[in-house]
Amino acid sequence: IALALFVFLCAVPAARAETDGTIRVKLSRLGAPAAITMQADCDYILASNPSAHIPAGTAMTLSASGGKLALRAGDRTVALGASAALLRGQPGSCGMRFTAPALSNVFCGDLAFTASGDVITTVLSIYVEDYLYGVVGCVMAPSSGLEALKAQAIAARNVALRQKTARAAAAYDVVDTDAALTFKGYSGAGEYADVIRAVEDTRGGVLYYGESRAVCYYTDS
């Protein structure tokens, strides 16, 4: 009976499609840096000063000292206070690359930074489906097969959306390690083609148990 119910629920994903909102990801794999060097591959603006346009290709260094942030871009340095945000100028598979501390791939979204003493905390706001591009191929081998990757995409979407609801009042929804879902940003490598297709083919699809999103367990659970 339980199996029949599971099959029935999975057979009507269109009735359980959800909109593509954003999720806030704490980039804990950056560690606890006093400075972050990064490069934008699309335009960004500084939230506190929308006229401060940062063109694609600009290399930047963000540093923290005594609970205050400073951003150096080219030959200009701007004092930012205890927190700051960089807003992406366009959607799609573009964003920020972190060069020191180094993280592979592109982080496609807005970035919020907070200084605590000499330590910077970074939170990425990213569309849920873009987030899943950077999750599915990390928690499962990209060569696992399209149908298996689709199942993984639905399970990961459930986890992400449940976390987003539970932590609405917190500073972030998920971390980028296996404490939530391992997330490593967007990769355009050919081996990730099936990962991207799996996310697209299941876009918005979630699994419900009764009237609530089902809890999808991983081996880490």
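The values are calculated or read from the model by the stated rules, or taken from the named source; none is laboratory data. Everything quoted here is computed from the prediction, not taken from an experiment. Because the Cβ atoms are built from the backbone with ideal geometry, glycine has one as well, and the counts that use them run over all protein chains shown. To get the accessible areas, we keep the full protein, side chains included, count just its heavy atoms, and leave off ligands, DNA and RNA. Shrake-Rupley method; radii C 1.70, N 1.55, O 1.52, S 1.80 Å.
The figures follow:
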| item | result |
| --- | --- |
| Yes/no for Gly145 being open to solvent by less than 20 Å² (accessible area, probe 1.4 Å) and on the phi > 0 side of the Ramachandran plot | no |
| Tally, over the stretch 166-175, of residues that are assigned to a loop (DSSP other than H, G, I, E, B) and out of contact with any helix residue (DSSP H, G or I) (no Cβ under 7 Å at 6 or more places or on another chain) | 6 |
| Single match in Ile126, Ile120, Ile196 (criterion: more than 16 Å from the chain's Cα centre (by Cα), β-branched (Val, Ile, Thr) and surrounded by 19 or more Cβ atoms within 10 Å (Cβ to Cβ)) | Ile120 |
| Tally of residues being crowded, with 18+ Cβ neighbours inside 10 Å and part of a loop (DSSP other than H, G, I, E, B) across the stretch 199-213 | 3 |
| Of residues in the stretch 32-69 being assigned to a loop (DSSP other than H, G, I, E, B) and charged (D, E, K, R), the one nearest to Ser104 (Cα to Cα) | Asp41 |
| Considering residues of the stretch 70-87 that are farther than 19 Å from Arg97 by Cα and part of a strand (DSSP E or B) only, the residue modelled with the highest pLDDT | Ser83 |
| Residues of the stretch 176-198 classified as touching a Leu at 6+ places or on another chain (Cβ under 8 Å) and not in a loop (DSSP other than H, G, I, E, B), total | 4 |
| Filter pass, Tyr186 being hydroxyl-bearing (Ser, Thr, Tyr), in contact (Cβ under 8 Å) with a residue 60 or more places away in the chain and closer than 25 Å to Gly57 by Cα | yes |
| Selection count, the stretch 43-71, where residues are under 13 Å from Ala112 (Cα atoms), open to solvent by 20 Å² or more (accessible area, probe 1.4 Å) and not polar (S, T, N, Q) | 2 |
| Set Gly21, Gly109: member being within 20 Å of Val128 (Cα to Cα) and modelled with pLDDT under 95 | Gly21 |
